[in-house]
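Working notes, beginning with the structure itself.
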Amino acid sequence: MKEIILASQSPRRKQLLEWAEIPFKVVVQPTDEHFPADMPVEEVPIHIAANKALAVSQYLKDQQVWDPAQVILAADTIVVLGEEVINKPADRAEAIAILSRLSGKAHRVITGVVLLQGTTQQSFSVTTHVQFHALSAEQIVFYVDKYQPYDKAGAYAIQEWIGVTGIASITGDFYNVMGLPVSTVVQALHKMGL
């Protein structure tokens, strides 16, 4: 497979691409992650991912190293409880509050993916349903203090302690919850001829 550009600093996305043996290099540009208040939640991660891909594309053009044949992969993952988007926690107190709300409930994890090649853009999202066990206050505090999940939507990572001990079930793509539905991405890249 040809080398792609990953428009993400996420160590989880890097790891998943490495596991899939997709050659890539990382190019990241600051991106506004706000979205219109009336936007349907399913469209939010695609909107943010598209902004990331376009920012990297513009940066490469500005640096005069843009190759229209090269694919830029951008992704954004959100956690949705009911119809509310749960963002990354700002601090310890917010992380504890978020996990307290997710405790004993089901939520959705939606990852939006954008593949940008020249002026051609493909986008899709993948949804995974996650059911938490009821978590005690002690479990939540232990997890937040030890793992400090401040860079994670929903204040948790499924591959860490809380996922191993606190999740009752998942329906859908496990790796989507980690941050990238990598098997779907591979299928899309193959269809693009990579």
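Some observations on this one:
- Selection status of Val185, free of Cβ contacts under 8 Å to residues at least 12 places away in the same chain and either more than 19 Å from the chain's Cα centre (by Cα) or assigned to a helix (DSSP H, G or I) (or both): no
- Scanning segment 42-84 for residues that are among the β-branched types (Val, Ile, Thr) and touching a helix residue (DSSP H, G or I) at 6+ places or on another chain (Cβ under 6 Å), we see that the one that is surrounded by the most Cβ atoms within 10 Å (Cβ to Cβ) is Thr77.
- Residue within segment 110-124 that is under 22 Å from the mean Cα position of the chain (by Cα) and more than 23 Å from Thr184 (Cβ to Cβ) present: no
- Within segment 86-106, the set of residues being exposed (fewer than 15 other Cβ atoms within 10 Å of the Cβ) and either on the phi > 0 side of the Ramachandran plot or in contact with a Pro (Cβ under 6 Å, 6 or more places away or on another chain) (or both) comprises Gly104 only.
- Within segment 107-149, the residues that satisfy the criterion of being loosely packed, with under 15 Cβ neighbours inside 10 Å and of a type in the set (Gly, Ala, Ser) are Gly118, Ala134, Ser136, Ala137.
- With respect to (1) assigned to a loop (DSSP other than H, G, I, E, B); (2) over 30 Å from Leu81 (Cβ atoms); (3) without any contact (Cβ under 8 Å) to a residue 40 or more places away in the chain, the lone exception for Lys2 is condition (3).
- Considering (1) part of a loop (DSSP other than H, G, I, E, B); (2) touching a strand residue (DSSP E or B) at 6+ places or on another chain (Cβ under 8 Å), the lone condition that Ala90 does not fulfil carries the number (2).
Bear in mind that the values in this text are calculations on the coordinates, not laboratory data. Source: prediction; values computed, not measured. Ideal geometry is used to build each Cβ from the backbone, glycine not excepted, and the neighbour counts take in all protein chains shown.
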